[in-house]
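As structure tokens, the structure follows; a few thoughts come after it.
Bear in mind these aren't lab numbers, they're just calculated from the coordinates by the rules spelled out. As the structure is a prediction and not an experimental result, all values here were calculated from the model. Please note: Cβ atoms are built from the backbone with ideal geometry, for glycine as well, and neighbour counts cover all protein chains shown.
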Amino acid sequence: MEFIGVDWGSTRFRAWALLDDGQIASGVESDLGLKSVADGNFSGALTETCGEMLTGAPGMPILLSGMVGSRTGWKEAPYCACPASIEDVTAAAIRFDIAGHPAAILPGATCVDGNGHADVMRGEEIQIFGAADMLGLKDATICIPGTHAKWASLVGGLLTGFQTHVTGELFALLRGHSLVGQLADGDDEDLDAFRRGIDHGMKKAAAHAVFAARADALQGKLAPKAVSAFLSGVLIGNELAARPQGGMGATILLATGVLAERYAVALEHVGEQFVVVDAKEAARAGQMLAAKTLWQHAAANGEGA
């Protein structure tokens, strides 16, 4: 199953021409997120960015995932309700045509907590299925750090539910636009302060715990250069305290770069066993699964996609 996979978010654009063995024939990555698309001309933006891929493979299917399917994206793809399999997700895809290429936008996923409140994700569900397939797992707890971090549960190959924690967004707001982060001097990676922040954040409500970053600095208990690391630890610790419990399968840390390193330190600190999977590789693996369910049958039978 050869296709063009597009991971299109609010701020980043990634596309790959993928071969049937999952290898990348060519790829492009840029800051052309949804917010940068002029006048909603998504077709033009895709053609401009992926021109060589499109002209070099006439009729090749295009699979899009991420915020491109949101209400402010190209075409809104209503969320797929949990529990959901990869087949459920692809069955809810929005299909259309892009300059002679059969295309589909994947829908994202939604779940409801015990109090009746909804949660949503777009793009992470494909990464989850991809990471599990890479590791040969049907049961897992998945941590996906980010601006809006996700903790998800995979049971019997089904995405059964998840929680969103606005950890990254809160850190940016508190660190740069509040009295709590006002005394911080730089953003040094002070691991001792970070771990102390984790311990504090796991024990106290977030609205109270974060104030220690200011109060301790005022009292000389926390150096200005350690404030940022401590505050990050508090917020991640608060997230860890609410993570799914019960030991269902392995814990997968689905992350790349600095966030992978930071969350690895945090998980090790609380004694959590885990395996790290690169987020970009997981996205491609998940798109391979989705593309096969969408188009492989038609391709094998010589039918149009």
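Quick look at the numbers
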{"read-out": "Proximal lysines relative to LYS203, as straight alpha-carbon distance under 29 Å, when same-chain residues fewer than 8 apart are discounted", "value": "LYS150, LYS221, LYS225"}
{"read-out": "Semi-axes of the equivalent ellipsoid for segment 15-137, Cα gyration tensor, largest first, Å", "value": "26, 19, 13"}
{"read-out": "Alpha-carbon gyration tensor eigenvalues x 5, square-rooted, for segment 148-269, Å", "value": "28, 13, 13"}
{"read-out": "Charge dipole magnitude, Cβ of K and R +1, D and E -1 - the chain, Cα centre, debye nearest 20", "value": "780 debye"}
{"read-out": "Label point at GLN296 placed 7 Å out along Cα→Cβ; residues across segment 141-180 whose backbone nitrogen lies under 19 Å", "value": "157-159"}
{"read-out": "Cα-only Debye scattering, segment 169-230: base-10 log of I(q)/I(0) at q = 0.26, 0.30 Å⁻¹", "value": "-1.19, -1.51"}
{"read-out": "Under the Karplus curve 6.51 cos²θ - 1.76 cosθ + 1.60, θ = phi - 60°, whole-Hz ³J(HN,Hα) for segment 155-164, x wherever Gly or Pro sits", "value": "10, x, x, 9, 6, 8, x, 6, 10, 9"}
{"read-out": "15 Å beta-carbon shell around MET202, net charge (K/R +1, D/E -1)", "value": "+1"}
{"read-out": "Equivalent ellipsoid dimensions for segment 94-208 as semi-axes, Å, which come from the Cα gyration tensor, largest first", "value": "34, 19, 15"}
{"read-out": "Unit charges on C-beta of K, R, D, E only; dipole of segment 1-119, Debye", "value": "300 debye"}
{"read-out": "Two-decimal log10 I(q)/I(0) for segment 204-273, as the Debye equation yields it once each C-alpha is a single scatterer, q = 0.21 Å⁻¹", "value": "-0.96"}
{"read-out": "Across the chain: Cys residues that no other cysteine approaches within a C-beta distance under 4.7 Å", "value": "CYS50, CYS80, CYS143"}
{"read-out": "Computed helical MRE - 222 nm, the chain, DSSP H runs ≥ 4 contributing -39500 (n - 2.57), nearest 500", "value": "-10500 deg cm²/dmol"}
{"read-out": "FRET efficiency for ALA215 and ILE94, using Cβ-Cβ distance with R0 set to 51 Å, rounded to 0.05", "value": "0.50"}
{"read-out": "Lys/Arg +1, Asp/Glu -1 at C-beta; the chain dipole; positive extreme among LEU253, LEU154, ALA266", "value": "ALA266"}
{"read-out": "Using a Förster distance of 41 Å, the FRET efficiency for SER178-PHE274 (Cβ separation, nearest 0.05)", "value": "0.85"}
{"read-out": "Hydrodynamic radius of segment 84-151 per Kirkwood, over alpha carbon pairs, in Å", "value": "13.8 Å"}
{"read-out": "Per-residue Cβ neighbour rank within 10 angstrom, fewest leading, VAL37, VAL112", "value": "VAL112, VAL37"}
